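J.: Starting off with a structure, shown below.
The numbers here are math on the coordinates, done by the rules we state, and not lab data. From a predicted model like this one, the values you see are computed outputs, not experimental measurements. Reconstructed Cβ throughout: ideal geometry from the backbone, glycine too, with neighbour counts over all protein chains shown.
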Amino acid sequence: MRAFVNRNARSVEEAVALAREATLAGRSVAFAAGGSDLLQLMKDHIPSRAEAGEPDVLVNLKGIAGLDRIESAGDGTLRIGGLVTLSALVGNALVRERFTALAEAAETVATPQIRNVGTVAGNVAQRPWCWYFRNGFPCFKAGGDRCFSAGGENQLHAIFGGGPSYIVHPSDLAPALVALGARFRVAGPERERVVSGGDFFVLPRQDALRENVLADADVLIGVDVPAPAAGTRSAYHKVMDREAWTHALASAAVVMVMDGDVCRSASIVLGGVAPIPWRVPEAEALLAGERVTAELAREVGTAAVAGARPLAKNAYKVPLTRRVVERTVLALAARA
Amino acid sequence: MEGRQRNGVAPVGTVPSEEPEAGPGASDLTRRDFLGGSTAALVAAGVAPSVGHDATAPTVVQQAVPAAPRTAIRLTVNGVEHAFEVEDRWTLNEFLRDHLMLTGTKLGCERGECGACTVLVDGSPVYSCSTLAVWMDGKSIRTVEGLERDGRVSALQQAFIEHNAPQCGFCTPGQLMAATALLERNARPTADEVRRALVGNLCRCSNYNAIVEAVLAASGSAASTGGGE
């Protein structure tokens, strides 16, 4: 790796100040949480931020006290610090019981070694794993002027929301968080702000350089997940091209508020198929006020992929996604 | 490069060496010393003539490279405390192998995919290629060199031997560390739990069944873990 300076931040304010100080001195900065993804990008000389170039300064966030906690607020809101590791999330009994989709999503990520260091913030804010981007092609995500997957090897790319870049959002936590109504807490040079799941992630057509609203000196310090309504159950189902240790070909986070065998409301967010966690409101609406039968679940699956626009080599993702949604809805309705 | 210069304060003899010290006779050369020496000879033979023959080559001016930033850290490796000034850019793997000379930990893909570099950081398996030494300040690291006690391999290592778990052996140190962490957390895992705990450790020889058998054979034995810290 190219030489750089590591600066250990002891507080969020210090982290933001160190980043600002370095930027003002004309040096490029990256925030480091777990570091697995960041170091990989650095070894490959791929900028973690296209405009910033390779980092001269790493601001290490791991020493910031309190950001590694999972807490339940008085109103039942789950407050998850940005530095909480995926392993800690998987092992948390409250998360498992009340925010099941989140625990199920976390345990599908990568390997134990990566979950032991990988953080909630880092998983949500990781860069795309498109093979063109990761192999140094000058694509939109790297600050270039085209998407090589559009007319190239696009087996793993987007069937929703693509253009001009066709990356898929790589995070498993992100669909689960959005389905559970999470809000993202962002600290930056200005005051701390809270961003809804719908606003946090940005499509390439809004900003091709970024996958989310985080600006250069912004830190994702945590996520707040509201207390689930009575009767809420949730699940995350991920399909990979092998049994473990890769990203989703297609996944679904499904949250249903049940009243007996009737679904009062549902939220369905897809992963692995769009540049952001992809919500499917038409499919959700079919479930509201209905008894969940095999036939309804099939219709929900069909509605979920109604807007799909596959590329030359990823049409398989359409029936795959349809079945992932159908099966997850049905399994969740049957779950005690 | 001053990379191979050891500047830690670990007392002499506390860093386990994998092979006996090389003596004066050629027959005492270790494999590592031999390979290191012959590589240097090949490089010299390959590079020197081409420089001499190419009269049009521009003179290469050795530019002064600014020293890479360094930071002083303290950490424990296999129970031994070290104070060390590390380059900020060193990975933990680089630090262990090239500076503490603990070459039992391997470097495979160097991109967090294969698991050969797995070590335990405060008891949890971590890819040493994908974290920085400078982030290990205050941490306790265990490597495969730390598994044996009083010159005896751990029960897990013994089970690996008895079940032929290593074929080429390159992934073995990483497999051992991931399995050690599993057995410390769960003394009697099921085969499926073993497979899930080792999912981040690839075996190019594809000897997975024997590895799982070895871990199961060692499970339930307190000595299998090589003790804690």
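J.: Excluding A:Ile64 itself, what net charge comes from residues whose Cβ is under 10 Å from its Cβ, given Lys and Arg +1 and Asp and Glu -1?
T.: Its environment carries a net charge of -1.
J.: Would you look at the GNM of chain A, springs on alpha carbons closer than 10 Å, and say which of A:Phe137, A:Phe160, A:Phe201 moves the most?
T.: Of A:Phe137, A:Phe160, A:Phe201, the Gaussian network model singles out A:Phe137 as fluctuating most.
J.: Related question: For the pair B:Glu85 and A:Thr302, how long in nm is the line joining their label points, each one 7 Å along Cα→Cβ?
T.: 7.2
J.: Apply the Karplus curve 6.51 cos²θ - 1.76 cosθ + 1.60, θ = phi - 60°, to the phi angles in the range B:98-110 and return the couplings in whole Hz, x for Gly and Pro.
T.: Using θ = phi - 60°, the values come out as 8, 10, 9, 6, 8, 8, x, 6, 8, 10, x, 7, 6 Hz.
J.: Given A:Val59, A:Thr246, A:Thr232, which one lies farthest toward the positive end of the charge dipole of chain A, if we put +1 on the Cβ of every Lys and Arg and -1 on the Cβ of every Asp and Glu?
T.: Checked the options; the winner is A:Thr246.
J.: Separation of the range A:94-136 and the range B:80-109 by C-alpha centroid, Å?
T.: Centre-to-centre (Cα) distance: 27 Å.
J.: Suppose every K and R has +1 on its Cβ and every D and E has -1 on its Cβ; what is the size of the dipole of chain A about the Cα centre, in Debye to the nearest 20?
T.: 420
J.: Is the range A:5-63 rounded, prolate or oblate when judged by the Cα gyration tensor, a ≥ b ≥ c being the square roots of its eigenvalues, rounded requiring a/c under 1.5 and prolate requiring a/b larger than b/c?
T.: Verdict is oblate for the range A:5-63.
J.: Between A:Lys313 and A:Asp259, with labels modelled 7 Å along Cα→Cβ, what's the label distance in nm to one decimal, could you check?
T.: Once both label points are built, they end up 4.9 nm from each other.
J.: Need one number: % antiparallel among DSSP beta bridges in chain A, to the nearest 5.
T.: Roughly 80 percent of the DSSP beta bridges within chain A come out antiparallel.
J.: Further question: Please report the relative contact order for chain A, taking Cα pairs under 8 Å with a sequence separation of at least 6, and give it as a percent rounded to a whole number.
T.: 16
J.: Relative to the Cα centre, what is the charge dipole magnitude of the range A:232-334, using +1 at the beta carbon of each Lys and Arg, -1 at the beta carbon of each Asp and Glu, and rounding to the nearest 20 debye?
T.: Value, rounded to 20: 380 debye.
J.: In addition: Can you compute the charge dipole magnitude of the protein assembly as shown about its Cα centre, using +1 on each Lys and Arg Cβ and -1 on each Asp and Glu Cβ, nothing else charged? Give it in debye, rounded to the nearest 20.
T.: For this selection, approximately 940 debye.
J.: Right, next: Tell me the mean residue ellipticity at 222 nm calculated for chain A from its helices only (DSSP H runs of n ≥ 4, each -39500 (n - 2.57), averaged over every residue, nearest 500).
T.: Result for chain A: -8000 deg cm²/dmol, rounded to the nearest 500.
J.: Okay, next question. What is the sum of charges around B:Phe170, taking Lys and Arg as +1, Asp and Glu as -1, for the other residues whose C-beta is under 13 Å from the C-beta of B:Phe170?
T.: With Lys, Arg at +1 and Asp, Glu at -1, the neighbours total +2.
J.: Another question about this same structure. For chain A, what class follows from the C-alpha gyration tensor (a ≥ b ≥ c being the square roots of its eigenvalues): rounded when a/c is under 1.5, otherwise prolate if a/b is larger than b/c, else oblate?
T.: oblate
J.: Another question about this same structure. At a 10 Å Cβ-Cβ cut-off, how would you order A:Leu320, A:Leu270, fewest neighbours first?
T.: So the residues, fewest neighbours to most, are A:Leu320, A:Leu270.
J.: In addition: Going through the range A:198-293, which GluC sites (Glu not before Pro) have at most 12 other Cβ atoms within 10 Å and a DSSP loop state?
T.: Filter output for the range A:198-293: A:Glu243.
J.: Considering the dipole of the protein assembly as shown built from charges on the beta carbon (Lys and Arg +1, Asp and Glu -1) around the Cα centre, which of B:Asn78, A:Pro164, A:Thr23 is farthest to its positive end?
T.: With unit charges placed on the Cβ atoms, the residue in question is A:Pro164.
J.: Right, another one. In the range A:39-77, whose amide N lies under 20 Å from the spot 7 Å out along Cα-to-Cβ of A:Leu94? List them in ranges.
T.: A:65-77
J.: Here is a further query. Report the relative contact order of the range A:277-336, percent, no decimals, based on alpha-carbon pairs under 8 angstrom and at least 6 residues apart.
T.: With pairs under 8 Å counted, the relative contact order is 36 percent.
J.: Using a 10 Å cut-off on Cβ atoms, rank the peptides B:127-135, A:182-190, A:305-313, B:151-159 from the highest mean neighbour count down.
T.: Top of the packing list down: B:127-135, A:182-190, B:151-159, A:305-313.
J.: Also: Between the range A:196-238 and the range A:301-326, what's the alpha-carbon centroid distance in Å?
T.: 22
J.: Could I ask something else about it? The protein assembly as shown: Rg/Rh from Cα coordinates, Kirkwood Rh?
T.: 1.00
J.: Hey, what did the range A:5-63 get for relative contact order, percent, Cα under 8 Å, at least 6 apart?
T.: Relative contact order for the range A:5-63 comes out at 51 percent.
J.: Moving to a separate point now. Looking only at A:Ala304, A:Ala250, A:Ala110, which one moves most when chain A is put into a Gaussian network model with springs between Cα atoms under 10 Å?
T.: A:Ala110
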